[in-house]
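All of the numbers you see were taken from the coordinates with simple rules; none came from a lab. Please read these numbers as outputs of a predicted model, since none were measured by experiment. Positions of Cβ are generated from backbone atoms using ideal geometry, with glycine treated the same way; all protein chains shown enter the neighbour counts.
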Amino acid sequence: MDLQELKTKVCDAGKMLLKEGLVARTWGNVSIKVNDTQMVITPSGRKYDELTPNEMVLVDIYTLKYEGNLKPSSELKLHCQIYKTKPEIGAVIHTHQMFGSIVAAAQVDVQVLDENHQNILGGKVIKAAPYALPNTKKITMATAKAIENSNAALMSNHGVVCIGKDLEHVFDVARTLEKACELFIESKKAIV
Ligand SMILES: [Zn+2]
């Protein structure tokens, strides 16, 4: 796939986040790995419904240098860290999806109760990374650690990050995480 096609895919995925209600509160971000050293990510500070493929930003995973006039998403460090530590990952999305954000605000790990959800999420527990200021090294490293053994992690008081082998997979992870978080919240209500 050439770079232009990848940029179109990232742009469409950004719009899909909005359409599916995965970025209800504020914007999230999407990236795809181009090769071992580069990724394409959504830009910072642009409305998703107005995005065009040419506004997607090509970033060097190791140096964080980027091409073009638009800045890459402010969360780019986290995306780069994930691609560096998990070579099998091809796509990353960061969202503020509702149920995921509720559990992230509670700063608790999610027990994934449904077996189908466990398969898609790659584990029985989705960990909550401890709170740290956005875009800092601390939050980047804490989140990368929380996602070590599954396809998703919560970022305390903020949102979630999901990873997958490609865009289709990562969207499946995000949707499934939403169902798993809802089920987890409901199960807690059933007990009290
Ligand atoms: Zn965010």
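The figures follow:
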read-out	value
Choice from 45, 90, 28 showing the highest fluctuation, given a GNM over the chain with Cα pairs closer than 10 Å	45
Dipole in debye (nearest 20) - the stretch 3-191, about Cα centre, beta carbon charges: Lys, Arg +1; Asp, Glu -1	580
Cβ crowding within 10 Å averaged over residues, with 172-185, 123-136 ranked highest first	172-185, 123-136
Solution diffusion estimate, µm²/s, Stokes-Einstein, the chain, Kirkwood Rh from C-alpha pairs, 20 °C, viscosity 1.002 mPa s	131
Computed over the stretch 3-191: relative contact order in percent, which uses C-alpha pairs under 8 Å that are six or more apart	20
Residue of 56, 16, 155 that the Gaussian network model of the chain assigns the largest fluctuation, springs spanning Cα pairs under 10 Å	16
Dipole axis of the stretch 3-191 (+1 Lys, Arg; -1 Asp, Glu on Cβ), positive-most option in 136, 4, 96	136
Cβ-derived FRET efficiency at R0 41 Å, residue 108 paired with residue 5, nearest 0.05	0.55
Links that overshoot a 30 Å alpha carbon limit, given the list 47/179; 65/124; 9/145	65/124
Shape of the stretch 53-136, Cα gyration tensor, a/c cut at 1.5	prolate
Listed residues 63, 143, 42, most fluctuating in the chain (Gaussian network, C-alpha, under 10 Å)	63
Global form of the stretch 122-192, assessed from the alpha-carbon gyration tensor, a/c cut-off 1.5	oblate
Helical mean residue ellipticity (222 nm; -39500 (n - 2.57) per DSSP H run of 4+; nearest 500) of the chain	-13000 deg cm²/dmol
Relative contact order of the stretch 45-92, defined on C-alpha pairs under 8 angstrom at six or more residues apart (%)	27
Qualifying chymotrypsin sites (Phe, Trp or Tyr not before Pro) for the stretch 1-87 [loop in DSSP, other Cβ within 10 Å: at most 15]	62
